[in-house]
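Everything below concerns the one structure shown next.
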Amino acid sequence: MKWEQFLDRFGDLPLIEPPVVYAGQTNTTSLQAQLSRWVGTGRLIKLARGKYILANPYRRIDPPVEYLANKLVYPSYVSLERLLSWHGLIPEAVPVVTSVTTDRPSTYDTTLGTFTYRHIARRLFWGYESVTMHSTECAMALPEKALLDLFHFWRGAVTRARIEEMRFQNTDQLDAERLRAFAKRAGGGKLTSSIEQFLVYCAKG
């Protein structure tokens, strides 16, 4: 397949994956070698195994990094500090796209950013929604679930001092009853006490 033909067929895809390229082709080995050559010449960017994106100036669309995060590891959804920052719940910008997955933990350092994944049990893989960004659908945690995920991964007690270190803001957008319900669904215990500690912190300011 020539480069011009490749661009014509796949240039509008936000992410290019070999199964799509190989569909209907008989010589997949040759196509695989071509993909590797195009990566070597800078026409394609390899983000992870079997995950490619067109390099500039060939790229027609720039998919949001949240969409790429969902695709690099599936299933996963954006959560933790990245999601809290996206909702304005913490003041710092979080350049690393943090997600949770039922797959093993991993990190991908790419030219488009760093993507990190934390492993979570299947029984806790919920509390996210589909958000449309630049005509792509991105799996993003609800803000209450992102907070719960954060406390889930913290080691030790969730104290007021640790909460204050996060410099939470705009907490009035959080639904207290949803937080309590999520903590109960997740098994209660430490998460319930963490959420109650957080709500006391929000009430006192």
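The values are calculated or read from the model by the stated rules, or taken from the named source; none is laboratory data. Because the structure is predicted, anything quoted here is derived from the model rather than measured. Cβ: placed from backbone, ideal geometry, glycine included. Neighbour counts: every protein chain shown.
Quick one: in region 147-172, which of the residues that are of a type in the set (V, I, T) and assigned to a helix (DSSP H, G or I) is surrounded by the most Cβ atoms within 10 Å (Cβ to Cβ)? Spell out the reasoning first.
Within region 147-172, the first condition is being of a type in the set (V, I, T), and the residues that meet it are 158-159, 163, 171.
With the extra rule that they be assigned to a helix (DSSP H, G or I), the set shrinks to 163, 171.
Values: I163: 18, T171: 16.
The extreme case among them is I163.
Restricting attention to region 33-42, does a residue exist that is surrounded by fewer than 13 Cβ atoms within 10 Å (Cβ to Cβ), without any contact (Cβ under 8 Å) to a residue 40 or more places away in the chain, in a loop (DSSP other than H, G, I, E, B) and over 31 Å from the mean Cα position of the chain (by Cα)?
No, the conditions are met nowhere in region 33-42.
Looking for something under 30 Å from D12 (Cβ atoms) and under 22 Å from the mean Cα position of the chain (by Cα) - is there at least one such residue anywhere in region 141-164?
Keep residues of region 141-164 that are under 30 Å from D12 (Cβ atoms), which gives 141.
Those left that are additionally under 22 Å from the mean Cα position of the chain (by Cα): 141.
Yes: region 141-164 contains one or more residues that are under 30 Å from D12 (Cβ atoms) and under 22 Å from the mean Cα position of the chain (by Cα).
Kindly establish whether V131 is within 21 Å of K51 (Cβ to Cβ), surrounded by 15 or more Cβ atoms within 10 Å (Cβ to Cβ) and touching a residue at least 40 places away in the same chain (Cβ under 8 Å).
On the way: within 21 Å of K51 (Cβ to Cβ): yes; surrounded by 15 or more Cβ atoms within 10 Å (Cβ to Cβ): yes; touching a residue at least 40 places away in the same chain (Cβ under 8 Å): yes.
Yes.
Looking at the structure I just gave you, is Y67 surrounded by 18 or more Cβ atoms within 10 Å (Cβ to Cβ) and in contact (Cβ under 8 Å) with a residue 24 or more places away in the chain? Explain how you work it out, then say what you get.
Working: surrounded by 18 or more Cβ atoms within 10 Å (Cβ to Cβ): yes; in contact (Cβ under 8 Å) with a residue 24 or more places away in the chain: yes.
So Y67 fits the description; yes.
Within region 173-181, is there a residue that is closer than 24 Å to P75 by Cα, outside any helix (DSSP H, G or I) and either modelled with pLDDT of 95 or more or among the β-branched types (V, I, T) (or both)? Full working, then the answer.
Let us first name the residues in region 173-181 that are closer than 24 Å to P75 by Cα, namely 178-179, 181.
If we keep only those that are outside any helix (DSSP H, G or I) too, we end up with none.
No, because not a single residue in region 173-181 is closer than 24 Å to P75 by Cα, outside any helix (DSSP H, G or I) and either modelled with pLDDT of 95 or more or among the β-branched types (V, I, T) (or both).
Quick test of your reading of the structure: E81 fulfils all but one of (1) charged (D, E, K, R); (2) assigned by TED's automatic domain parsing to the domain that holds F151; (3) touching a residue at least 12 places away in the same chain (Cβ under 8 Å); (4) loosely packed, with under 15 Cβ neighbours inside 10 Å. Name the failing condition by number.
All conditions pass for E81, except number (4).
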